[in-house]
Number of protein chains: 2
Amino acid sequence: MRLTERKIAAALRRHGYKLTPQRRSVIRAIASSQDHLTPAAIYLKVRQDHPSIGLVTIYRTLDILVRLELICELHAGGSCHSYTTGAPEHHHHLICSNCGEVIDFSGYYLTELEQRLSRETGFKIEGHLLEFIGRCQNCQQND
Amino acid sequence: MRLTERKIAAALRRHGYKLTPQRRSVIRAIASSQDHLTPAAIYLKVRQDHPSIGLVTIYRTLDILVRLELICELHAGGSCHSYTTGAPEHHHHLICSNCGEVIDFSGYYLTELEQRLSRETGFKIEGHLLEFIGRCQNCQQND
DNA sequence: ATATAAATGATAATCTTTTTCATTTACAGC
DNA sequence: GCTGTAAATGAAAAAGATTATCATTTATAT
């Protein structure tokens, strides 16, 4: 279950940030997309509503949204620095290497492995990054 | 078990690439470091041996080494585009969020999860990215 | 020793991301 | 509804990161 535009906007306000039309538009761009978008791609989308928006505003908004964990940054498949809508619960991603579609999956926990690592290395584990990359059904057929 | 400078160099040659002093030096920079280095950091290190080396050579060498899977690219902890020595077997990384030390761990397989995802989504899974981030023992003490 | 394809470094071009700062705006409080 | 104020925006430029081009150099097979 992905966060909707409404929920992201509400969370922004709840944290004391102003809800400007530009920010709304950035959120909409991300929330309305099945796949992950780079800052430049978001910029292009948002400019349809706000022709005079600056790329800076995109970067600033993305920073905040990532920090509040309302959107996720993806890494697998060569595309660092691209973003997709967040989700309220702990989850991971499955990304299509062809079309970029992102599927969330939850219910998988790395607690045991985390404990093993902690025990064996003395690390105090703070987080992890787990992403799968593959071909979605659609892209398999059209090959 | 990490690949040594020797092994990486040998593998390069085996794949038909020339073993230049510059490439040797890039490999040494990465292999001799406990943690992960950005292209710029590698550039600085290598310039001690090769004051006239170009940053381009660093990028070109990194490209090749990644493609041959002789070095790994790290993503967790904010530092995309940084590199550490590869390993001959399937493994994952544990990265210190403070000093950047990288620990490899192996013996963990995601086959079951992979099958579940494949079954549930129809994706043909090609690979994955699993990295943990945390504080190493040293950095926990010096806080 | 030599020929040759591959690799290098200098330079410039192209992105991408950050800084700075004057102007504008969302919204809390009245 | 107004209004004051801190926060947000956009323009412009600076700073960083990455890639392209090309003449020169070099590793290595023979």
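The values are calculated or read from the model by the stated rules, or taken from the named source; none is laboratory data. Here the structure is a predicted model, which is why all the values come from computation and not from measurement. Cβ coordinates were reconstructed from backbone atoms using ideal geometry, including for glycine residues, and neighbour counts include every protein chain displayed. Protein only, heavy atoms only, side chains kept; ligands, DNA and RNA dropped before computing areas. Shrake-Rupley method; radii C 1.70, N 1.55, O 1.52, S 1.80 Å.
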- Output, in nm with one decimal and in ascending order, the distances from the A:Glu120 label point to the matching label points of the other copies (7 Å from Cα along Cα-to-Cβ). 2.6
- Query: Roughly how much of A:Ser118 is accessible, in Å² to the nearest 10, using a 1.4 Å probe?
  - Reply: 40 Å²
- Item | Cα gyration tensor shape of the stretch A:15-86, rounded if a/c is under 1.5, else prolate or oblate by comparing a/b with b/c | oblate
- Note the angle between two axes, namely the Cα long axis of helix B:5-14 and the longest principal axis of the Cα atoms of chain B, as a number of degrees from 0 to 90, rounded to the nearest 10. 90 degrees
- Query: Carbon-plus-sulfur fraction of the accessible area of the protein assembly as shown, 1.4 Å probe, in percent?
  - Reply: 47 percent
- Task: Mind giving me the nanometre distance, one decimal, between the label points for B:Cys99 and A:Glu5, set 7 Å out from Cα along Cα→Cβ?
- Result: 4.9 nm
- What total accessible area, in Å², is buried where chains B and A meet, using a 1.4 Å probe and rounding to the nearest 100? 3200 Å²
- Nearest-20 debye value, the stretch B:5-141 charge dipole, Cβ charges on Lys, Arg, Asp, Glu: 720 debye
- Each label point is 7 Å from the Cα along the Cα-to-Cβ direction; what then is the distance between the points at B:Arg67 and B:Ser52, in nm? 2.7 nm
- Message: Need the per-residue list for the stretch A:62-81: every residue with at least 10 Å² less accessible surface in the complex of protein chains than in the chain by itself, probe 1.4 Å, sorted by number.
- Response: A:His75, A:Ala76, A:Cys80, A:His81
- Query: Can you put A:His15, A:His75 in order of accessible area, largest first, using a 1.4 Å probe?
  - Reply: A:His15, A:His75
- Give me the net charge of A:His50's neighbourhood, meaning all other residues with Cβ under 13 Å from the Cβ of A:His50; Lys, Arg count +1, Asp, Glu -1. +4
- Message: Filter A:Lys7/A:Lys45; A:Lys18/A:Lys45; A:Lys124/B:Lys7; B:Lys7/B:Lys45 down to the pairs with a C-alpha to C-alpha distance above 24 Å, please.
- Response: A:Lys124/B:Lys7
- Quote the accessible area belonging to A:Tyr109 in square angstrom, nearest 10, computed with a 1.4 Å probe and with ligands, DNA and RNA left uncounted. 140 Å²
- Anyone know which of B:Ala76, B:Ala40, B:Ala31 comes out most mobile in the 10 Å Cα GNM of chain B? B:Ala40
- Under a point-charge model restricted to the Cβ atoms of Lys and Arg (+1) and Asp and Glu (-1), what is the dipole moment magnitude of the stretch B:17-76 relative to its Cα centre, in debye to the nearest 20? 280 debye
- Task: May I ask for the angle, rounded to the nearest 10°, between helix A:21-31 and the longest principal axis of chain A, with both axes built from Cα atoms and the value confined to 0 to 90°?
- Result: 40 degrees
- Part-to-part distance (alpha-carbon centres) for the stretch A:59-102 and the stretch B:85-121, which is given in Å: 19 Å
- Task: Run the quick spin-label model on A:Glu120 and B:Gln140: label points 7 Å from Cα toward the beta carbon, then report their separation in nm to one decimal.
- Result: 1.6 nm
- Find the accessible area per residue for chain A; the probe is 1.4 Å, ligands and nucleic acids are left out, and the unit is Å². 54 Å²
- Translational diffusion coefficient (Stokes-Einstein; Kirkwood radius from C-alpha pairs) of the stretch B:5-141 at 20 °C, 1.002 mPa s, in µm²/s: 131 µm²/s
- Rounded to the nearest 5, the percent of antiparallel DSSP beta bridges in chain B equals 70 percent
- With DNA, RNA and ligands ignored, accessible area of B:Asp49 (1.4 Å probe; Å², nearest 10): 90 Å²
- Message: Ignoring solvent entirely, what values of log10 I(q)/I(0) come out of the Debye formula for the stretch A:21-62 at 0.25 Å⁻¹ when each Cα is a single scatterer?
- Response: -0.77
- Message: So the label point sits 7 Å from Cα along the Cα-to-Cβ vector; using that for A:Gln140, what distances do you get to the other copies, in nanometres, sorted shortest first?
- Response: 4.3
- Task: Sort A:Leu3, A:Leu19 from largest to smallest accessible area, using a 1.4 Å probe on the heavy atoms of the protein chains.
- Result: A:Leu19, A:Leu3
- Task: Per DSSP H run of n ≥ 4, the term is -39500 (n - 2.57); total these for chain B, divide by its residue number, and report the mean residue ellipticity at 222 nm rounded to 500 deg cm²/dmol.
- Result: -12000 deg cm²/dmol
- Shape of the protein assembly as shown from its Cα gyration tensor (a ≥ b ≥ c, root eigenvalues): rounded if a/c is under 1.5, otherwise prolate when a/b > b/c, or oblate? prolate
- Query: Got a sec? Charge dipole of the protein assembly as shown, +1 on Cβ for Lys and Arg, -1 for Asp and Glu; which of A:Thr57, B:Ala76, A:Cys80 is way out at the positive end?
  - Reply: A:Thr57
- Task: Treating only the Cβ atoms of Lys and Arg (+1) and Asp and Glu (-1) as charged, compute the dipole magnitude of the protein assembly as shown about its Cα centre; round to the nearest 20 debye.
- Result: 880 debye
